[in-house]
Every structure is written in C-alpha cells, then in structure tokens.
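What follows is a set of notes on a single structure, which appears directly below.
The values are calculated or read from the model by the stated rules, or taken from the named source; none is laboratory data. Note that the coordinates shown come from a computational prediction; the quantities given were computed from them, not determined experimentally. Glycine gets a Cβ as well: all are built from the backbone with ideal geometry, and neighbour counts include every protein chain shown. SASA here: full protein model, heavy atoms, side chains in, ligands and nucleic acids out. Shrake-Rupley method; radii C 1.70, N 1.55, O 1.52, S 1.80 Å.
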Amino acid sequence: MAATSLTPTPSIRYRAREEGGRKPIKEFSKISIKWRRRISIDSPIQGRGGDVVTVSNNNVKALEINGVLDDHLSEITCKDSQALPRPLSVSAGANSAHASGLRVAYQGLPGAYSEAAAAKAYPNCEAVPCELFETAFDAVERWLVDRAVLPIENSLGGSIHRNYDLLLRHKLHIVGEVKYAVRHCLLVNSGVKIENLKRVLSHPQALAQCEHTLNKLGVVREAVDDTAGAAQFVALHKLQDAGAVASSLASEIYGLDILAHDIQDDPENVTRFLMLAREPIIPGIDKPFKTSIVFSLEEGPGVLFKALAVFAMRDINLTKIESRPHCRKPLRVNDDTSSSPLKYFNYLFYVDFEASMADPNAQNALRHLKEFATFLRVLGSYPVDVGQA
C-alpha cells in the first residue's frame, strides 16, 4: 500500500499562536503517495448508467455515473444498493456549519492559498496538505480524506490545465466551487532589502500574476511546487539574496518579513477552486446552479458549433469552455482526402453552464449533445458561489 503521512494543518497554526506570537516553523509533512494501485479504465465511456468501482478500504463500493443520465438523472442497477454510499445533499456540498470534522485535502504546505480556500469552503474543517494535485485526488478516492479543494482557474493566470486532466482521469465529483481573492506578498528573511534581491521563488502561477512587479525588480524567477513551499525554502536556508511570493499567513508561519504587499498585477486577482467528493450532491433548482461536463466530438465542419448550439437554443448560458488534447487518443486520421490521410489533434472540451441537472431543460440539452458526441461525462452539478471572493 502507499506510504502516507498525514499532518492536520489547523493544529499546527494554533500551536504557533499559543506559544506566543510569530514563531518560525521550519518543516511540514504532507500526504505523499509513493505507490498506489491504479484502476484500469479501458475506455472513458461505459455506456448509459453507471459502473461500480470497488474501493479497497473496508470494501466500500463507490458509484461512478458516466454519460448523460436519462430518467431522474440516473439509471443505476445494483444488486446490493444498500452498500453504496449515498449522494451528498446540496448543503453538504456547499459552505456549511457541518464542515466540522471533515478532512479536506489541498495541494501545498500550510500557508498556501489553497489552505485558505479549503477553510473558506469548509469552515472548521481539518485541512490536510498534499504534495501534488494528483495526491489530493488519490487521498479522496482512497478515503484518507473526505473532500479536496483544488484550483481550476485564475483571473490573471488562466486555467490550471493539470487539474482539468485529473478531473477526467479520476472518478470524483464536483460538489461546489469557491472563489478566493489572492493577495500576493513579497517575503524575505529579516534584514533583507529590495536591493539585495537577485531571485524570487514561487509557484509558476503566482510568478505570472506578479510579472510587472518582478520585471521592475529585475530579479530571476524560480518556479517551485507552491507558494508556501517557496516561503519555507527561503526561511529554511536563510537566503539573503532571494525572496518568495506568498501569502501574509505564510510570513507568520515561516517567520519572514513582508517587504511589499499586494504585488499582483491586478488588485482583482481571484482564483476559482473546485470542491471534490467521492459522491455527487443532489442537484436542486432553489438556487443558482452550475453544471460541468466534458465531451469529445468527431472531426467535421460545424461539429463544435452544433455541440454548443444545444445550449443556445435552450437559453442556457455557458460560463467556461476549455479544450484539452485527448491524451489517450492524441491524433485522429481523416481518410476522406484523395492523397495521404491527414492527422488532426483530438480534443476534449470542458464546458461549464448555468443550469442544474435537476432542470429538464439541461437534461434535454445533454441528451441532444449525446446524439453526436463520441464521449460525454457529467463532472458535477453544484451551487454557484455567489459570495464575495
């Protein structure tokens, strides 16, 4: 089995405060999965209905629903339906007081923006740091944690493509979203001044979001796994010629000084995070809902137009369209030409639209799309985050 180490983040932060103000904490452990058993998936489409996947932990069965769900959103056939985990309620997927006791995975070290987003999504939860994005997905699938909160797009840096790919690879459901305002700080060791800086460390997205400021400083940018990890590295090695782009909380945790506040290129710097669970929530129509899907199409003139038209003709607003190369089938061959066959990139299309899967209008749109889509999967139908970032 995988070698894992779990460190509950909240207790770390509170311990630092109880011991009297800001005290540097140098080392943190994260969930690190060195080996895991992969579930083999021969084809992303298993037809209508659902496939039952057995999770090794306590022989609990998890239900994955692929494709468009016809009557009442599901066609589930199982001899032992009582053994299956129940779908979450709408309130369980959203920000609620019931988050107390939940273990929520995020990528990065304590002090990362993802940790703050997890706390915003699930107040009073136990935030569990993970080494990689994929580790967080694995932790939920293997019942090490209850949820995961992971970034999907930023208003300055754009989409986090790795997590789009992992949404398709893993069988988790989107049960909510949370928007978090990211305010970057330039952190240094005590006594270091701006003129001393020769390099700045941070996550690639954070470096991109502070491009103008870093250009003015004329520093070399070095990419690391996460913002809090950059702060820890600078503090741990007592660097005098380097700083880190990270949160103000990271400065408290790792004992660094804040050389400059709000160094992002735009003050309205917001990251959208997805809340992931093993089971879907029960969609409703009593509040604004969003549905996320992924599909692929055959090559041909107007095919993508036809796919998007199924939403326009039903007055369903699309809020996000993202295309990603199909890693399993990267190229498709067109034999219609008289000369040698042409090869095209094969794409997957990720789409978010403003409608609940409890709405017959949305169900009809996806039935229509399925008529000419070669693959279609509903990633989740969940409440829209209408609060302040």
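All conditions but one from (1) at positive phi; (2) of a type outside the set (S, T, N, Q); (3) modelled with pLDDT of 95 or more apply to residue 158; the one that does not is (3). For residue 128, the conditions (1) closer than 30 Å to residue 239 by Cβ; (2) open to solvent by 10 Å² or more (accessible area, probe 1.4 Å) are fulfilled apart from (2). Quick check, is residue 133 farther than 25 Å from residue 208 by Cα and crowded, with 19+ Cβ neighbours inside 10 Å? For residue 133, the condition - farther than 25 Å from residue 208 by Cα and crowded, with 19+ Cβ neighbours inside 10 Å - is not met.
Taking the conditions (1) more than 28 Å from residue 271 (Cα to Cα); (2) at pLDDT below 90; (3) of a type in the set (Gly, Ala, Ser) in turn, residue 309 satisfies each one other than (2).
I need the full set of residues from the stretch 162-174 which are open to solvent by 30 Å² or more (accessible area, probe 1.4 Å) and under 18 Å from residue 113 (Cα atoms), in order please.
Going through the stretch 162-174, the residues open to solvent by 30 Å² or more (accessible area, probe 1.4 Å) turn out to be 162, 165, 168-169, 171.
Scanning the stretch 162-174 gives a single hit, 162.
Which of the numbered conditions does residue 145 fail, given that it passes all the others? Conditions: (1) surrounded by fewer than 22 Cβ atoms within 10 Å (Cβ to Cβ); (2) assigned to a loop (DSSP other than H, G, I, E, B). Of the numbered conditions (1) surrounded by fewer than 22 Cβ atoms within 10 Å (Cβ to Cβ); (2) assigned to a loop (DSSP other than H, G, I, E, B), the odd one out for residue 145 is (1).
Of the residues making up the stretch 349-357, at least one is open to solvent by less than 50 Å² (accessible area, probe 1.4 Å), touching a Pro at 6+ places or on another chain (Cβ under 7 Å) and not in a strand (DSSP E or B).
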